[in-house]
Amino acid sequence: MKLSNRVVRLVPSATNAMATKAKEMRARGESVISFTTGEPDFDSPGKAFNFAVQAMEKGETHYTPTGGIPRLKKAVAAYYQKHFNLSYDPKEIITGTGAKQLLFEALGCLVDPGDEVILFAPVWVSYFEQIRMFDGMPVVLNTGPRDFLPSPEEFETAITERTVAVMLNNPNNPSGAVYPSSLLKTLTKIALRHNLVIINDEVYERLVYGVSYAPHLLELVPEARENVLNINGVSKSYAMTGWRLGYGLGPEKLVKAMTSMQGHVTSNASSVSQWAAIGALEEADGDVEIMRTVYEARRNLMMEKLSAIPGVDFYRPEGAFYVFVNIKPYLGKSYGGLLLDDDVQFCEAILKEKGVGLVPGSAFMYPGYVRFSYSCSEADITEGLSRFGDFVHGLR
Ligand SMILES: Cc1ncc(COP(=O)(O)O)c(C=O)c1O
C-alpha cells in the first residue's frame, strides 16, 4: 500500500510520546510524577453532565445542524458578548469536534498549495502539521527567550505575497505568555494592513493569573473584525477535553465555508456533547473561576519551588497551565553516565532516573526548553520539583 506524501511526512506528537512513556512506567508500578498532560485534571462541571443526561433521556441523539444546535450558537454568542463585549450573529459561529477540528477546517478553507501561514514559536505543533496537510508553508518565527513575545518588526518582514494568515495563541501553550495589549494591537494592525486572516486561538483565554483581565484583540482593533477568526472551546476552561466541543467565531464567508467542509467530514459535533456545552456555557461560569483559582495557586507553588532550585532559568507564566523552563545550561552534561545533548535526551533521562515526566521544547519547535504542565496536585508539584532539583543538582 502506498501512503500519501501528506501523511508520510507527518511528525508524531512528542507530547503524546512522553505522556505514553510516563503512563507505561506507572503501569509497571514505578513512582512517576507526570507533568506531561495538556488537559485539566478536574471533572467536567455538574451542569454539563446534567444537560447531557437530560439530552439523552429526551432523545437528542440524532444529527443536528452541521454548524451546531441553535441554542449552542446562542450560548456561544452570549459568552462572547458577556466576556469580550463582542456581538456575533449565529451565521458567524460554527461549532465542531474540538478547537482542533475548527483550526483544521479554517486552514483548509484559507490555504492553497504554497500559501504561507506565519506562526510564532514556541508553537503548538498541530498548527504546523495542519498547514502542511493542505500543502501550505508554515513560516515559523521565534519569540524572544525572555518573554516569549513575538517581534512586530520580524512579523512584518516575514509577510510575503504568499502569506494568507497568521496564527496567534494567547495565552500560549507552552510558554504561558499572555500578550500585552500594546503588542496585540500592533500585531493585529500589521495583519490588517496586509489583509491577513488572524486565526486567534484563545482556548486558554479564561485561565489567566495576575492579570485581572486579558483584552480581546477585537476590543483593541474593532476594525479588524472581518479578518479575525476566533477559535475557542470548552476543553480547557471547563475541563471538558473528552467531550470534544469547540467553536469558531468570525466572518460569515469563512464560517460558511468551514461549515460546508465540516458537512463532508464529520457533520455536526456529537449532539450530547453539544448539550453538555450548552450546560457549561449557560450555567457553569462559577466552576471556571473555581478551577482558575486552583491553577493560580499551583502556578504560584511552581514559581516558589523552581525559584528555590539554584540556577534554574524560567519564565513566570501569566496564563494557561504550563511553565516553560530553559535547560540549555544543563545540556552537554551527564547524569549517571547518560549524556544529555538535547532536550529530548534530558526528558528521557529525568523520566528514567527520577520518574519525572516532562515534554521537550522541541515538540513546540523551541529546543533547549522543557514544558511542565501544572494540571496536577500540589503534592505532585512539590514532589516532582524536588526530584527535578535533585536531578539537575546531580548533573556533571
Ligand atoms: C493551543 C491549543 N489549541 C487548541 C487545542 C485543542 O483543543 P480542543 O481540545 O478543543 O481540540 C489545544 C489542546 O491541547 C491547544 O493546546
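Once you place label points 7 Å from the Cα toward the Cβ at Q81 and A158, how far apart are they in nm?
With each label placed 7 Å out from Cα toward Cβ, I get 3.7 nm.
With point charges of +1 on the Cβ of Lys and Arg and -1 on the Cβ of Asp and Glu, referenced to the Cα centre of the chain, which listed residue (N50, P145, V178) lies farthest in the positive direction of the dipole?
Ranked along the dipole, the leading option is N50.
Taking the dipole about the Cα centre of segment 48-284, with the C-beta of Lys and Arg at +1 and of Asp and Glu at -1, give me whichever of S273, A158, A214 is farthest to the positive side.
S273
Using the Karplus equation 6.51 cos²θ - 1.76 cosθ + 1.60 (θ = phi - 60°), what ³J(HN,Hα) coupling, rounded to whole Hz, does each residue of segment 279-284 give in order, writing x for Gly and Pro?
The phi angles translate into x, 5, 5, 7, 9, 10 Hz.
Report the residues of segment 306-327 in range of a label on L338: point 7 Å along Cα→C-beta, backbone N strictly under 17 Å from it.
327
Taking the Cα centroid of segment 39-65 and of segment 356-389, what is the distance between the two, rounded to the nearest whole Å?
32 Å
Going 7 Å from the Cα of E304 in the Cα-to-Cβ direction, what parts of segment 376-396 have a backbone nitrogen less than 19 Å from that spot?
Residues 376-390 fall inside that zone.
Going Cα to Cα from K352, which lysines come in below 26 Å? Please leave out same-chain ones fewer than 8 positions away.
K21, K23, K305, K328, K333
Report the label-to-label distance for T266 and D41 in nanometres (one decimal), using points 7 Å from each Cα along the Cα→Cβ vector.
Going by the 7 Å Cα→Cβ label model, 2.7 nm.
If you build the Cα gyration tensor of segment 226-381 and take the root of 5 times each eigenvalue, what three semi-axes come out, in whole angstrom, biggest first?
Ellipsoid half-lengths, sorted descending, are 38, 20, 15 Å.
Please label the shape of segment 1-122 as rounded, prolate or oblate, based on the square roots a ≥ b ≥ c of the eigenvalues of the alpha-carbon gyration tensor (a/c under 1.5 means rounded; beyond that, a/b larger than b/c means prolate, else oblate).
Oblate, since a/c reaches 1.5 and b/c is not below a/b.
Which residues make up the longest stretch of the chain that has no GluC sites (Glu not before Pro) in a DSSP loop with at most 16 other Cβ atoms within 10 Å?
With GluC sites (Glu not before Pro) excluded where exposed in loops, the chain gives 162-396 as its longest stretch.
Assuming a strict under-17 Å limit between Cα atoms, what lysine pair count do you get for segment 48-284 once near-sequence pairs (fewer than 8 apart, same chain) are dropped?
The number of close lysine pairs in segment 48-284 is 10.
Bear in mind that the values in this text are calculations on the coordinates, not laboratory data. Remember, it's a predicted structure, so these values are computed and weren't measured experimentally. Cβ: placed from backbone, ideal geometry, glycine included. Neighbour counts: every protein chain shown.
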